[in-house]
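Before any comments, here is the structure.
Read-outs: derived from the displayed coordinates by stated rules, not from any lab. These numbers were taken from a predicted model, which means no experiment stands behind them. Neighbour counts run over all protein chains shown; Cβ positions are idealised from the backbone, glycine included.
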Amino acid sequence: MAFSKFTVFASAITLAAVVAAPMANAKDWRGWNIHVEDYPVSHGMEAFMAEVTEKTGGEIKGKVFHQGVLGSQPDAIEQVRLGIIDFAEFNLGPMGQAVPEANVVSLPFIFKSIDQMHRAMDGAPGEALSTALADKGLIALGYYDAGARSFYNSKGPINTPADVEGMKVRVMNNDLFVNMIAAMGGNATPMAFAEVYQSLKTNVVDGAENNPPSYESTAHYEVAPFYSMSEHLIIPEVLVVSKKAWEGLTPEQQEIVKVAGKNSTMLQRELWAEREAKSMEVVKAAGVQVNMIEDKTPFQEAMAPVYETYLTNNPDMKGIVELFQNFE
Ligand code: BDP
């Protein structure tokens, strides 16, 4: 059979239709991440997206934008809520403004240990938070680990709350953290993560607080070489998909996304534990003076006014605070 021009043209159209058809509803997601590419959160998010793409046969593709190039966390939370950004991994610390229930994990010493935090976040307390997040347009897929946050600064080791007196300390964007520093007589400055290195270097602030991997990956240790193991905050993080993206999925796709979220959470927690140990080695090798604080009771006691003010101003949060506090 000889091909006429028309046949060739028609076949080309048919072929194009066949190739394009399964992808007609293809999704191309954008993911927000604040961390550098080589970081447990980043690897978790990449693994999530890769699994989703593979299991949906390419119907859902996506790209993770690392290092906060899509904006600061408070802005990104709004963008995910509006469905402009499709997925993200957020620390729950600056989440309280959008989702008041999230503040419960920003209360100092609310968790008894990392292990208890994992169990709580995988159990009823985590479910309560997921419901609150969903009400605000954020579908929680899993709670990532961010370890415990400790103080670091450029002046000297912190052993007691009195050592924080008069110190200028950068905190994440949340009044709870401002009150936390004030309770020890320090001056807190809420500031975006990306600005902390320069502010430490130029002595705009004397110190900050974070977990070992963030202290190390940002090179904050180079300009604030005293790391004091206060472990005053254990704030989990959450992998979320925007409600808008979620509702655009078929039930089968939702199941794939859910399972990939769970798998990436397990992977991230493993990578986290490894990275924490490695980061401590890196900073010690670089000459950072790390001091343990064996008795944390004075710090816990100093935090009483933070709880008092919070519960007086937010009596409706008493139930969720108790749910977390009483979880064994
Ligand atoms: C890191 C969190 C990140 C926060 C950052 C901060 O993983 O989400 O933005 O702390 O202190 O540990 O701002």
In the stretch 150-185, whose amide N lies under 18 Å from the spot 7 Å out along Cα-to-Cβ of Q116? List them in ranges.
150
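When 1/r is averaged over all different Cα pairs and the result inverted, which Kirkwood radius in Å belongs to the stretch 140-203?
Result for the stretch 140-203 stands at 13.1 Å.
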Two-decimal ratio, the chain, of alpha-carbon radius of gyration to 2.2 N^0.38 Å
1.15
Calculate, for Q289 and V259, the FRET efficiency according to 1/(1 + (r/R0)^6) with r their C-beta to C-beta distance and R0 51 Å; round to the nearest 0.05.
0.70
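If the viscosity is 0.890 mPa s and the temperature 25 °C, what translational diffusion coefficient in µm²/s does Stokes-Einstein give for the stretch 173-328 when Rh comes from Kirkwood over Cα pairs?
Value of D from the Cα-based Kirkwood radius: 131 µm²/s.
Sorting L271, L200, L311 on the 10 Å Cβ count, fewest up front, what's the list?
L311, L271, L200
Size of the dipole of the stretch 112-202 about the Cα centre, Lys and Arg at +1 and Asp and Glu at -1 on the beta carbon, nothing else charged, in debye to 20?
The dipole magnitude comes to about 320 debye.
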Using +1 at the Cβ of each Lys and Arg and -1 at the Cβ of each Asp and Glu in the chain, identify which of M172, W32, G126 lies farthest towards the dipole's positive end.
W32
The residues E37, E216, E78, sorted from fewest to most surrounding Cβ atoms within 10 Å, come out as E37, E78, E216
How many angstrom lie between the C-alpha centres of the stretch 49-104 and the stretch 240-296?
14
Among N326, Q300, T265, whose Cα sits farthest toward the positive end of the charge dipole of the stretch 223-328 (+1 at Cβ of Lys/Arg, -1 at Cβ of Asp/Glu, about the Cα centre)?
T265
Quote the charge dipole size of the stretch 173-258 about the Cα centre in Debye, to the nearest 20; the model charges only the Cβ of Lys and Arg (+1) and of Asp and Glu (-1).
160
Based on the Kirkwood radius over alpha-carbon pairs, what is the Stokes-Einstein translational diffusion coefficient of the stretch 173-225 at 25 °C with 0.890 mPa s viscosity, in µm²/s?
211
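How long are the semi-axes of the ellipsoid equivalent to the stretch 91-193, from square roots of 5 times the Cα gyration tensor eigenvalues, in whole Å, largest first?
They are 28, 16, 11 Å, listed largest first.
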List I84, I293 from most exposed to least, where exposure is judged by having the fewest other Cβ atoms within 10 Å.
I84, I293
Add -39500 (n - 2.57) for each DSSP H run of 4 or more in the chain, then divide by its residues: what number comes out at 222 nm, to the nearest 500 deg cm²/dmol?
-14000 deg cm²/dmol
For the stretch 31-120, the charge dipole (Cβ of Lys, Arg +1; Cβ of Asp, Glu -1; about the Cα centre) points to a positive end, and the Cα of F111, A88, A50 closest to that extreme belongs to F111
Would you please state the base-10 log of I(q)/I(0) at q = 0.19, 0.22 1/Å for the stretch 251-328, with intensities from the Debye formula using one equal scatterer on every alpha carbon?
-0.97, -0.98
Dipole moment magnitude, nearest 20 debye, the chain about Cα centre, only Lys, Arg, Asp, Glu C-beta charged:
900
At R0 = 35 Å, how high is the FRET efficiency between K201 and T250 if r is their beta carbon distance? Nearest 0.05 is fine.
0.10
